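K.L.:
Handing you this structure, nothing more for now.
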Amino acid sequence: MPTVVVLPAPLGPSRPKISPGTTSNETPSTALTGRLRYRLTRSRTTTAAPVVAEFLSSHHALAAWLDLNPSDMAALTHLVNVDRPITQEALRRRLRLSKGAMSALVERMVGAGHVERRPNPEDGRSQLLRLSARSAAGREWHRGQLELRLRAAAGRYDAAQRAAILAFLADVRAAVSATTGRLRAGGPGRAG
């Protein structure tokens, strides 16, 4: 059975390649926008790309469910991953937004009820941001649904198989992290 490989749009073809094992009705994946766009069929290729593509699709679906655009969802994701309120300036630097864009984003998020804002008691000037109870509840529901399905999937494997899967996922994470680090250092062909 062929394995589906998802390539970043700049590396992928302008049209999907049709191999003998596919039909001419196959089209580019519409579940994702941007980087992971086209599906190609390759035999004897093992990749985590379809899993990553599905994860991103789930992330986009969660954003749509919460009525968030991509930059707002990125901000919400950062707030989910910090264990205490964060200053607006710290979030702005993480998201690499201008001060004006960050102010507009925070106004949208507060207005939509996703983020709560309060003065920073340390300096009285900056603002601390944290998830609202509504967004935290939505996050917990999504996480709970995903965890139920992951537990069911994991139950189909014995302990040795689960250990191998976890080792593979750790390797995938390391590869993604290294690639991301390279991009942050300037990308290919640049020092870093």
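Every number in this text was worked out from the coordinates using simple rules, so none of it is lab data. Remember, predicted model here, so these are calculated numbers, not experimental data. All Cβ positions, glycine included, derive from the backbone under ideal geometry; neighbour counts span all protein chains shown.
K.L.:
When Lys and Arg each count +1 and Asp and Glu each count -1, what net charge do the other residues less than 10 Å away from Ala112, Cβ to Cβ, add up to?
P.N.:
Details: positive: Arg108, Arg134; negative: Asp67, Asp72, Glu107.
That works out to -1.
K.L.:
Based on the Cα atoms of segment 66-136, what semi-axes does the equivalent ellipsoid have, where each is the square root of 5 times one gyration tensor eigenvalue, given in whole Å with the largest first?
P.N.:
17, 14, 11
K.L.:
If you don't mind, there's one more thing I want to ask. Can you work out the FRET efficiency for the pair Arg184 and Ala61, with r the C-beta to C-beta distance and R0 = 35 Å, to the nearest 0.05? Write out the running numbers ahead of the final one.
P.N.:
On the way: r = 27 Å, r/R0 = 0.78.
For Arg184 and Ala61, the calculated efficiency is 0.80.
K.L.:
What FRET efficiency would be calculated for the residue pair Arg134, Thr77, taking the C-beta separation as r and a Förster radius of 22 Å, to the nearest 0.05?
P.N.:
My answer for the efficiency is 0.85.
K.L.:
What distance in nm separates the two pseudo spin-label positions at Arg117 and Asp158, each 7 Å out from Cα along the beta-carbon direction?
P.N.:
Placing both labels 7 Å beyond Cα along the Cβ direction yields 5.7 nm.
K.L.:
Expected output is a single nm value to one decimal: the length gained when fully extending between Trp141 and Val52, i.e. 0.36 nm times separation in residues minus the C-alpha distance. What is it?
P.N.:
The Trp141-Val52 span can extend by a further 29.9 nm.
K.L.:
Considering only the other residues whose Cβ falls under 15 Å of the Cβ of Arg93, what net charge follows from Lys and Arg at +1 and Asp and Glu at -1? Write out the running numbers ahead of the final one.
P.N.:
Details: positive: Arg92, Arg94, Arg96, Lys99, Arg184; negative: Glu89.
Residues near Arg93 contribute +4 overall.
K.L.:
Additional query: Lys and Arg at +1, Asp and Glu at -1: add these up for the other residues within a Cβ distance under 13 Å of Ser126 and post the number.
P.N.:
Surrounding charge for Ser126 is +3.
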